[in-house]
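Enquirer: Next up is a structure, given as structure tokens.
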Amino acid sequence: MSRVGITLPAGPTQALEARLQHLDRDHFARRLSDRDPTLWGADPARQQVAARRLGWLTAPATMKAQAPALRAFRDECAAERLDQAILIGMGGSSLAPEVLRDTFGMNTHPASGGEARATSASSRSSLTVLDTTSPDEVGAALAAHDPLRTLCIVSSKSGSTIEVSSLEKCCYEWARAARGDTVGRGFVAVTDPGTALERLASDRGYRHTFSGDPDIGGRYSALSPFGLVPAAWMGIDLDRLLDGAQGEIDTLTGAARADRIEGVRLGAALGELALAGSDKVTLLLGPGLEALGPWVEQLLAESTGKEGRGLIPVIQEPPDPAAQAGADRLFVAVSLDRHDRSLTARLDSLARAGHPVLEWTRSSALDLGAEFVRWEIATAVAGAVLDVDPFDEPNVAEAKRETHALLETFAARGALPERAVAARAGGVEAVVPAALSESLGMPAKDGDPGSCVRALLSLARPGDYVALLAFLPRTRPIVTRLERLRQVIGRLTRHATTLGYGPRYLHSTGQLHKGGPNTGIFLQLTCDEDERAIPGERYGLGTLRRAQADGDLDVLARHERRALRVHLGRAAEDGLVRLAAALEATREIHSA
């Protein structure tokens, strides 16, 4: 078992020791193993939610029994030369497969490998994750695949996720044009029993429907069919993955004290440090484990970011030797069992500077099963420490409702509502919600949108973070320019920075943005793309994407979040370069 090393200043050390003693007296580990829903408070509503969300504790054992059937499914597809796959999903239905794919070297997303492609080290394990409403990305993904050799894995727990439904329609028509009446043989569904997707799969003649466990929430579903159907497709050793996961589960049932159960220690440390003000959980992942970040980000943010509290995960932050970490940071390092001198040196430096540092190693990438469970246990514990329900997501539905309302407006009027432009220059526009505009003192409409961004950043206070919310195609040039912009903002403000791509962040950090602490500065970035029709709908992917961006900005404003939009028009790459240059020319941001 990989031991969590914890280096803390004196105050947090004492608080952690007291918390672990409390968890021991409360028999937390045993009660968690017994699926006790009262661990997160006396509120009957909380207990009702928790009682229906603890199936992840038995998932490794359940799925071990199903592993032979999953391998047989993979072999069946291989026999029919279905050697490419597109996974259609969002949030918990797509993030774990993405981690597994990237960790084991199966294909890449456009963000990490340029244009979409369907190649891999294994001729029958290619997997593309399609979790976007970008018309450009969807078009590139379909163009890179042969519909006669492609299996589409349609994955949604609820069976009604609008992005998944829309992408399924696009992919189904694309495949039907080539396959005709046999189109359903190129599709499988992963969904909970009784959903609209299950019925659709039956009506369309899908090859197979894999049923999820209704007692497992989406972000805890990595070791359920939502993660393991794609894993089996890629030829990953399911037994090794699940055995490691079961080993981590088994630590809860022994007689060990809480301070000897690694998931409990990690969760207690995360919760206590957040209560002490160190809530920016900065992940430093070693070579071979970098892909784990977005999955941990969703788990922590969506589970704890509510009721004005929460852990704020910071992943894939560009390294900047000139930057100084604030007192709101804690650092969590996970690496494989190999000596990484640069990571070790950085951790030593951070610890000497007084920052909390948590670190451990894994011996193999196949320990990802254990790693998933460790973080799930830790998140459940941290939720109890923070006194939040780690299994609900009360604010996620707000942006969904706003999107649906805007699409109804589009259906009635043929257009989405226009947004007032606060500043415009060189094809780039700044859109500022009315509640924020007056306090910022916006420039004239022919002014520089960069001035609006500088004014927004000037509102940052100690303990804040800056979030880039990018409704932009995830191509290599755009990703590179976004990382540069993020680095400039971090250096300028000396605050933690995060980067999320719309609409996938709505199913991940979106809950934290609205329900967590009001410490975020939100810069939404949008652009124009060619429309792509959604078969059977009056709106296309581009309209859906715009409605999602509009809806999220509106909900952020409703929660009195400091948020504005920069619309980059058709030249997103150039616009990002100009915005970064304008900010870089700013010597200093005078914070609030």
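Every read-out reported here was derived from the displayed coordinates using simple, explicitly stated rules and does not represent laboratory data. Since this is a predicted model, take the numbers as computed values, not measurements. FYI the Cβ positions are ideal-geometry reconstructions off the backbone, even for glycines, and counts take in every protein chain you see.
Enquirer: Can you pick out the pairs among 157/306; 169/514; 280/306 whose Cα atoms lie more than 20 Å from each other?
Expert: The pairs that break the limit, which is 20 Å between Cα atoms, are 157/306; 169/514.
Enquirer: Taking the Cα centroid of the range 553-592 and of the range 527-542, what is the distance between the two, rounded to the nearest whole Å?
Expert: 26 Å
Enquirer: Please work out the C-alpha center-to-center distance from the range 246-310 to the range 381-411 and express it in whole Å.
Expert: Spelled out, the Cα-based centre of one part sits 22 Å from the other.
Enquirer: Using helices alone, I'd like the mean residue ellipticity at 222 nm for the chain: each DSSP H run of four-plus residues gives -39500 (n - 2.57), total over residue count, nearest 500.
Expert: Rounded to the nearest 500, it is -14000 deg cm²/dmol.
Enquirer: Rounded to whole Hz and in sequence order, give me ³J(HN,Hα) for the range 303-317 from the Karplus expression 6.51 cos²θ - 1.76 cosθ + 1.60, θ = phi - 60°, writing x for Gly and Pro.
Expert: Ordered by residue, 3J(HN,Hα) equals 7, 10, x, 7, 6, x, 10, x, 8, 10, x, 10, 10, 6, 6 Hz.
Enquirer: Return the FRET efficiency for the residue pair residue 438, residue 405: r is the Cβ-Cβ distance, R0 is 22 Å, and the value is rounded to the nearest 0.05.
Expert: 0.30
Enquirer: Quick check on the exposure proxy: order 562, 352 from fewest to most C-beta atoms within 10 angstrom.
Expert: 352, 562
Enquirer: Okay, next question. Could you give each residue of the range 201-217 its phi-based ³J(HN,Hα) in whole Hz, using Karplus coefficients 6.51, -1.76, 1.60 with θ = phi - 60°, and x for Gly or Pro?
Expert: With the stated coefficients, the range 201-217 comes to 4, 5, 5, 8, x, 4, 4, 7, 10, 9, 8, x, 9, x, 8, 10, x Hz.
Enquirer: While we're looking at this one, here's another question. Where does the chain land on Rg/Rh, using Cα atoms and the Kirkwood Rh?
Expert: 0.95
Enquirer: Scattering from the C-alpha atoms of the range 290-333 alone, worked out with Debye: what is log10 I(q)/I(0) at q = 0.34 1/Å?
Expert: After summing over all Cα pairs, the log10 values are -1.24.
Enquirer: Out of 7, 462, 208, whose Cα points farthest toward the positive end of the dipole of the chain (charges: +1 Lys, Arg; -1 Asp, Glu; placed on Cβ)?
Expert: In the chain, that residue is 462.
Enquirer: Continuing with this model, one more query. List the residues of the range 212-251 whose backbone N lies under 18 Å from a point placed 7 Å from the Cα of residue 34 along the Cα-to-Cβ direction.
Expert: Of the residues in the range 212-251, 250-251 have backbone N under 18 Å from the label point off residue 34.
Enquirer: Sorting 236, 88 on the 10 Å Cβ count, fewest up front, what's the list?
Expert: The fewest-first ordering by Cβ neighbours comes to 236, 88.
Enquirer: Give the average over all directions of the projected area of the C-alpha convex hull of the range 57-243, one decimal, in nm².
Expert: Mean orientational projected area (the range 57-243, Cα hull): 9.4 nm².
Enquirer: Also, quick follow-up: Name the long-range amide H neighbours of residue 284: under 5 Å, sequence gap of 5 or more, or other chain; modelled H, no Pro or chain starts.
Expert: 332, 333, 334
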